[in-house]
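Quick notes on the structure that follows.
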Amino acid sequence: MSTVITDNLTGKTAAGNVTITSEGGSATMQLQQGLAKAWFTFNYTAAQDSLNISSVTDEATGHCFGNFSSSMGNDDFAHPAMTGAFRTRYEGTGPDATTSRTNTIETYNSGGSSADDAIINCTVHGDLA
Amino acid sequence: MSTLKADTIVATDGSSPVTLTKQEAVKQWISWDGVNNDIEGSLNVTSVIDEQTGVYTLNITSAYSSQHDRCIFTTLYNSNDDGATIESGSGRGMGTVVVGTNSNSTIDPLTTTTIQFATAYGSSASSQGGMFDLCKVWVTSIGDLA
């Protein structure tokens, strides 16, 4: 087994494109596309841990969204979220996701009322600027 | 600081995948508009077939190595018009169904190249929760490719 020790990986032909081989060896994919570009875990007090998140905005009871440190390349990224005790959805009347923030994540209780949850997890997949 | 420049990374045998310590790449993601049947952004997705209201088949370009050994994450948006209006009845909760058989037997099992999923209302005392189209559904999956 060989190990390459380096601080950065950069595409030789195009800086943002490094190809890796699938586990089964029959396919290749772009390394950058498969990496989460941001994630955070939030408890309505603070972002407990995160990647590429400058802050999490607490909009209102049961409503929050993440702000990116490094902007996304467009607003068509996927960002599934999961919460602890309550149900989750993306709030329909709030602003859409932009290159600098996620959609508003809404958590609500079994009665259908918005409520803060102690655990909000969100990952972001797409293109960085 | 050092920088390694390469276009392709493989193991020393010339073909096997290289181990990325502390990293596991997502193998598929999509931002799907089920109202306009539009793939807004994606990775490793060939197409999405609109099977019926709220039911879709996602076709994967490079196959997974197994039918079940993967994690699938979904979240949806409770609007059919990009945020202008919350879906009526959304207070019951909405959900995505990604595998198995629902009450109408319309959701097919997973295959190595497909994920069939549905968007539906939650159930209530008077409704089972019908399928309906939403303007944004995010589906990501992680596992071994073939």
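Here is how the numbers come out for the structure above:
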item: Failed criterion for A:S69 (all others in (1) touching a helix residue (DSSP H, G or I) at 6+ places or on another chain (Cβ under 9 Å); (2) open to solvent by 70 Å² or more (accessible area, probe 1.4 Å) hold); result: (1)
item: Listing of strands (runs of 3 or more DSSP E) fully contained in segment B:34-146 that carry 1 or more residues being open to solvent by 10 Å² or more (accessible area, probe 1.4 Å) and at pLDDT 80 or above; result: B:38-43, B:45-52, B:55-60, B:70-76, B:114-121, B:137-143
item: Entirely in segment A:1-80, the strands (runs of 3 or more DSSP E) that have 3 or more residues that are free of Cβ contacts under 8 Å to residues at least 40 places away in the same chain; result: A:8-10, A:19-21, A:28-30, A:47-51, A:53-60
item: Count of segment A:1-29 residues which are within 22 Å of the chain's Cα centre (by Cα) and among the small types (G, A, S); result: 1
item: Residue among B:V55, B:V26, B:V35 that is at the interface with chain A (Cβ under 7 Å from one of its Cβ atoms) and either in contact (Cβ under 8 Å) with a residue 40 or more places away in the chain or within 12 Å of the chain's Cα centre (by Cα) (or both); result: B:V26
item: Test for B:S16: is it under 26 Å from B:T112 (Cα atoms) and part of a loop (DSSP other than H, G, I, E, B); result: yes
item: Test: residue in segment A:38-59 that is of a type outside the set (D, E, K, R), facing chain B (nearest Cβ under 7 Å), open to solvent by 30 Å² or more (accessible area, probe 1.4 Å) and out of contact with any helix residue (DSSP H, G or I) (no Cβ under 6 Å at 6 or more places or on another chain); result: no
item: Among the residues listed as A:T19, A:T102, A:T28, A:T3, the single one being facing chain B (nearest Cβ under 7 Å) and either farther than 22 Å from A:D116 by Cβ or modelled with pLDDT of 90 or more (or both); result: A:T19
item: Every pair of residues 6+ apart whose Cβ atoms lie under 9 Å, when the first sits in segment A:111-125 and is at the interface with chain B (Cβ under 9 Å from one of its Cβ atoms) and closer than 16 Å to B:L76 by Cβ while the second is assigned to a loop (DSSP other than H, G, I, E, B) and aromatic (F, W, Y); result: A:H125/A:F77
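The values are calculated or read from the model by the stated rules, or taken from the named source; none is laboratory data. Values in this document were obtained by computation on a predicted structure and should not be read as measured data. As a convention, Cβ positions derive from the backbone with ideal geometry for all residues, glycine included, and neighbour counts pool all protein chains shown. When the accessible area is computed, the model is the full protein with side chains, heavy atoms only, and any ligands, DNA or RNA have been set aside. Shrake-Rupley method; radii C 1.70, N 1.55, O 1.52, S 1.80 Å.
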